[in-house]
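Structure, as structure tokens:
Just so it is clear, none of the values below were taken in a lab; they were calculated from the coordinates. None of the values given here were measured: they were computed from a predicted structure. Please note: Cβ atoms are built from the backbone with ideal geometry, for glycine as well, and neighbour counts cover all protein chains shown.
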Amino acid sequence: MIFRQLFDPQSSTFSYLLGDESSREAVLIDPVLEQVRRDFAVIEDLGLRLLWSLDTHVHADHVTGARALQKRAGSQIAISRASGAQGADRYLEPEERVTFGTRYLRALATPGHTRGCLSFVLDDLSRVFTGDSLLIRSCGRTDFQEGSAVLLYKSVHQSLFCLPDSCLVYPGHDYRGLCTSSIGEEKRFNPRLGGARSVADFTGSMEHLGLPHPKKIDVAVPANLHCGALGTEGPATADPQWAPLSFSSAGIWEIDPRWLEENAASVQIVDVREPHEWHGPLGHICHAIAIPLGQLKERAAELAPDRPIVTVCRAGGRSAQATVILGHIGRGDCASLAGGMLRWCAEGLATEDARNDP
Ligand SMILES: [Fe+2]
């Protein structure tokens, strides 16, 4: 099976991509809106087809990426019926299976953090995705969203702690850098729910957590009650409009060579190779400006402020770095030529070579 644990540093949220090797069908658990571009790029890199985004619950600390992925990847949205969310393609009941290729996840009802919390256990019981019901050495809070400490204790003990000790626990969040645990570990070491702790011990501790109100709750909960639908997409999620760019899993905006050839006049082409390469066998693109990467920061002022920039190098590595450098000095309107001059030439696109240079 293909498995990737993804992280959103702003909300400390984990998302999980699971794919079936042979059919390439995949599911993504708890996507984060601000990471949808990245997640989609990873899905493309791995040659997967996203069937479902699954939310373990209505989150209070981030907006789900389910709706944005539906638009971008054509995936469907599933969440528990008990969540009360509107606009999903499928409302899951406890014990229902979500199939991808030859594999499936089984929904476990684990209410308590919210009324509609689900965990998802993999078909062979090797992994469980616990959302905020069971965190590593911790658990989700129970003081809002119809939370109940009594219910959470029951959920963890009756639905999660009866899984095999070897079953790996993948939580919805971690704030201390722990990524994975196991049922056996949490049964022994979870300071709230493990060992011999009773429901009274647990409810007593949960009443006195003294946690602040989540910063994003007023935005996140209404949006998540509609599976991530917001009135308008914010700057963090709206794509640049000046060209049909693609976002790589390395975090770089890239532009297709053929689009660039047809639209060269609308952008500034900056070739960041060294002078000997500019005059070398690959030649260079007509009307490109030569600024070696090492000089780019100092010479960026030579570039027109009102025309987007396309950076170019031999294979696409240095030009990617050039977009990072330009981004740091406020030029968000730039992209790297995908595949560099190697691909440009391989596609038979026009160049000027050194012999035509003055
Ligand atoms: Fe939560």
For the chain, the longest principal axis of the Cα atoms and the Cα long axis of helix 36-45 enclose an angle in degrees, to the nearest 10, of 70
Rounded to 0.05, the calculated FRET efficiency for the beta carbons of Lys154 and Arg299 at R₀ = 41 Å is 0.05
Projected area averaged over all directions for the convex hull of the alpha carbon atoms of region 2-231, nm², comes out at 11.2
Full-extension gain in nm, Asp353 to Lys216, via 0.36 nm per residue minus C-alpha separation = 43.8 nm
May I ask you to derive the FRET efficiency for Arg49 and His287 from their Cβ-Cβ distance with R0 = 51 Å, giving the value to the nearest 0.05?
-> 0.80
Each label sits 7 Å from Cα toward the beta-carbon; between Ile2 and Ser198 the label points are separated, in nm, by 5.1
What's the exposure ranking of Phe247, Phe189, Phe100, Phe129, going from fewest to most Cβ atoms within 10 Å?
-> Phe189, Phe247, Phe100, Phe129
Given all pairs of distinct Cα atoms, region 88-175 yields a Kirkwood Rh in Å of 13.2
Based on the alpha-carbon gyration tensor of region 172-214 and its eigenvalue square roots a ≥ b ≥ c, which shape applies: rounded if a/c is under 1.5, prolate if not and a/b is larger than b/c, or oblate?
-> oblate
For the pair Ser22 and Arg188, the simple spin-label estimate (label points 7 Å beyond Cα toward Cβ) gives in nm 3.8
Which GluC sites (Glu not before Pro) does region 34-114 hold that lie in a coil by DSSP with at most 15 other beta carbons within 10 Å?
-> Glu95
State the Cα centre-to-centre distance between region 171-203 and region 1-40 in whole Å.
-> 24
Additional length obtainable on full extension of the chain from Ser126 to Leu178, 0.36 nm per residue less Cα span = 16.9 nm
Rounded to the nearest Å, what's the spacing between the alpha carbon centres of region 112-166 and region 87-109? Just the number, please.
-> 16
To the nearest 10 degrees, the tilt of helix 317-328 (Cα long axis) against the first principal axis of the alpha carbons of the chain is 70
